[in-house]
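> Have a look at the structure that comes next, please.
The values are calculated or read from the model by the stated rules, or taken from the named source; none is laboratory data. Being a predicted model, the structure only gives us computed values, none of them experimental. Note: ideal-geometry Cβ built from the backbone for every residue, glycine included; neighbour counts use all protein chains shown.
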Ligand SMILES: [Zn+2]
Ligand SMILES: [Zn+2]
């Protein structure tokens, strides 16, 4: 690396003035960076100040975009799967109990067993409906809160 050549102070590669930018108060040979190197450095370090001259980087913009619903679902997939599994069992139990109470009534007429099954079916049905309502409203609330604190940060040239 000859001393008159320009280079990127992050990746240390020589380059022409057209590919390099100066984003702080550092001057001289160690003043320039590639935009892509700077972007990578800001995103990995979380720093927006030059470590050498302490000035805030200029000529760049940080954009925060809220992460999407898919990313929320992905982060919480185990919770969602376990809720669905539990609900699935509850609804299925409700269905089986109600169906069996009808079958039994057909076969042997009115009896205590079919009444009990009907009650259990109703219990599972109501319980799973309330449970669904609660986790859906809580899920929406959680998601809205999560959206306010989870961003994808991007760096662009100003
Ligand atoms: Zn570079
Ligand atoms: Zn600097």
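> Could you list, in sequence order, the residues of the range 8-19 that are near ligand 1 (Cβ under 8 Å from one of its atoms) and more than 17 Å from residue 56 (Cα to Cα)?
Result: 8, 11, 12, 13, 15.
> Also, quick follow-up: Does residue 40 qualify as being touching a helix residue (DSSP H, G or I) at 6+ places or on another chain (Cβ under 9 Å) and either part of a loop (DSSP other than H, G, I, E, B) or more than 14 Å from ligand 2 (Cβ to nearest atom) (or both)?
So residue 40 fails the test.
> Take residue 81 and tell me if it is within 16 Å of ligand 1 (Cβ to nearest atom) and either touching a strand residue (DSSP E or B) at 6+ places or on another chain (Cβ under 8 Å) or on the phi < 0 side of the Ramachandran plot (or both).
Judged against the criteria, residue 81 is not a match.
> For residues that are in contact with a strand residue (DSSP E or B) (Cβ under 9 Å, 6 or more places away or on another chain) and more than 11 Å from ligand 2 (Cβ to nearest atom), tally how many sit in the range 9-37.
Counting residues in the range 9-37 that are in contact with a strand residue (DSSP E or B) (Cβ under 9 Å, 6 or more places away or on another chain) and more than 11 Å from ligand 2 (Cβ to nearest atom) gives 12.
> Of everything in the range 22-34, what is part of a helix (DSSP H, G or I) and either modelled with pLDDT of 95 or more or more than 13 Å from ligand 1 (Cβ to nearest atom) (or both)? Give them in sequence order.
28, 29, listed by residue number.
> Is at least one residue of the range 90-107 surrounded by 12 or more Cβ atoms within 10 Å (Cβ to Cβ) and within 16 Å of ligand 1 (Cβ to nearest atom)?
No: the range 90-107 contains no residue that is surrounded by 12 or more Cβ atoms within 10 Å (Cβ to Cβ) and within 16 Å of ligand 1 (Cβ to nearest atom).
> Residues in the range 55-72: is at least one within 16 Å of ligand 1 (Cβ to nearest atom), within 30 Å of the chain's Cα centre (by Cα) and buried (at least 16 other Cβ atoms within 10 Å of the Cβ)?
Looking for residues that are within 16 Å of ligand 1 (Cβ to nearest atom), within 30 Å of the chain's Cα centre (by Cα) and buried (at least 16 other Cβ atoms within 10 Å of the Cβ), one finds at least one in the range 55-72, hence yes.
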